[in-house]
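See below for the structure under consideration.
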Amino acid sequence: MRVVALFYKGNRVECPVCGSRFRKFLPYGRTNPRENALCPHCLALERHRLMWLYLQRRTDFFTAPHKLLHVAPEHCFIGRFEQLPNLDYVTADIESPLAKVKMDIHRIPFEAGTFDVAFCNHVMEHVDDDIQAMRELHRVLRPGGWAIIQSPQDATRATTLQDPAITSPADREKHYWQDDHQRLYGRDYARRLEQAGFSVTEDRFVMELPPAEADRHALPKGEIIYLCRKN
């Protein structure tokens, strides 16, 4: 990828995660690759660049002391989070070799109130029982703690599609957008998070940015940040 990055050098787009600049980002996606998506230097995607900016501008993540649980840790974040002196950083996943702790998110092996912050992105669409997984994240947060829990979402749907008759990889690809997804979330996603006990803020941060800035960072237009707090 570092070699590929040389051919993409330029100044039209900029990755806020690593600070690299290119004439465009790489395409990325399984069946219909998205143009201008993947940073060839740090491998950040659109959602990762959005989250980085959100953490910088809307939270005290980079400055205050936090014990952080990072489920399904993204490559572009791991090294950078490990270097932050304010973080006590724990990575976890059921199978990823990048994670330090191997765990099933339905049964998180930590005591209640262990963490100040949790990140869990693009996981809930894969698990058998998403409400139980959300409850577990809520349980291990301390009172006053917060989490960012993002998932693919079809904004045209009022309610989440989850049909036990949809089982084959082909049908899951058709209805849930990917053959290993268990559901497709609709506009009720925040309500599902609230079922787990969270107080949820639907933050439209990206829509408040100047369009030129959103374009320069190639951010996902219309994506809502789900900030989940434990009261």
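The values are calculated or read from the model by the stated rules, or taken from the named source; none is laboratory data. The structure displayed is predicted, hence computed values, not measured ones. Note that we place each Cβ from the backbone using ideal geometry, even for glycine, and neighbour counts take in every protein chain shown. The area values use the complete protein model at the heavy-atom level, side chains included, leaving out ligands, DNA and RNA. Shrake-Rupley method; radii C 1.70, N 1.55, O 1.52, S 1.80 Å.
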message: Please verify whether Leu6 is part of a helix (DSSP H, G or I) and open to solvent by less than 20 Å² (accessible area, probe 1.4 Å), treating the condition exactly as stated.
response: no
Enumeration of residues in segment 203-220 that are open to solvent by less than 40 Å² (accessible area, probe 1.4 Å) and not hydrophobic (A, V, I, L, M, F, W, C): Asp203, His217, Pro220
Residue satisfying condition, being open to solvent by less than 10 Å² (accessible area, probe 1.4 Å), assigned to a strand (DSSP E or B) and among the small types (Gly, Ala, Ser), within set Ala92, Ala44: Ala92
message: Given the criterion touching a strand residue (DSSP E or B) at 6+ places or on another chain (Cβ under 6 Å) and open to solvent by 30 Å² or more (accessible area, probe 1.4 Å), identify the matching residue among Gln195, Gln153, Gln162, Gln182.
response: Gln153
message: Could you check segment 9-26 and list, in sequence order, the residues that are under 15 Å from Arg49 (Cα atoms) and in a strand (DSSP E or B)?
response: Val13, Glu14, Arg21, Phe22, Leu26
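Regarding segment 100-110, can at least one residue be identified that is at pLDDT below 95 and in contact with a Lys or Arg (Cβ under 8 Å, 6 or more places away or on another chain)?
We begin by selecting, within segment 100-110, every residue at pLDDT below 95; these are none.
No, every residue in segment 100-110 fails to be at pLDDT below 95 and in contact with a Lys or Arg (Cβ under 8 Å, 6 or more places away or on another chain).
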- prompt: Can you pull out the residues in segment 47-73 that are of a type outside the set (Val, Ile, Thr), open to solvent by less than 20 Å² (accessible area, probe 1.4 Å) and under 11 Å from the mean Cα position of the chain (by Cα)?
  reply: His48, Arg49, Leu50, Met51, His70, Pro73
field: Yes/no for Val200 being open to solvent by less than 40 Å² (accessible area, probe 1.4 Å), among the hydrophobic types (A, V, I, L, M, F, W, C), free of Cβ contacts under 8 Å to residues at least 60 places away in the same chain and farther than 30 Å from Arg21 by Cβ
entry: yes
- prompt: Restricting segment 19-41 to residues that are open to solvent by less than 40 Å² (accessible area, probe 1.4 Å) and within 17 Å of the chain's Cα centre (by Cα), which is nearest to Val206 (Cα to Cα)?
  reply: Ala37
message: Among the residues of segment 147-159, are any in contact (Cβ under 8 Å) with a residue 12 or more places away in the chain, of a type in the set (Ser, Thr, Tyr) and closer than 26 Å to His66 by Cα?
response: yes
statement: Note on Ile78: of the conditions (1) in contact with a strand residue (DSSP E or B) (Cβ under 7 Å, 6 or more places away or on another chain); (2) under 15 Å from Pro220 (Cβ atoms); (3) not acidic (Asp, Glu), unmet is (2)
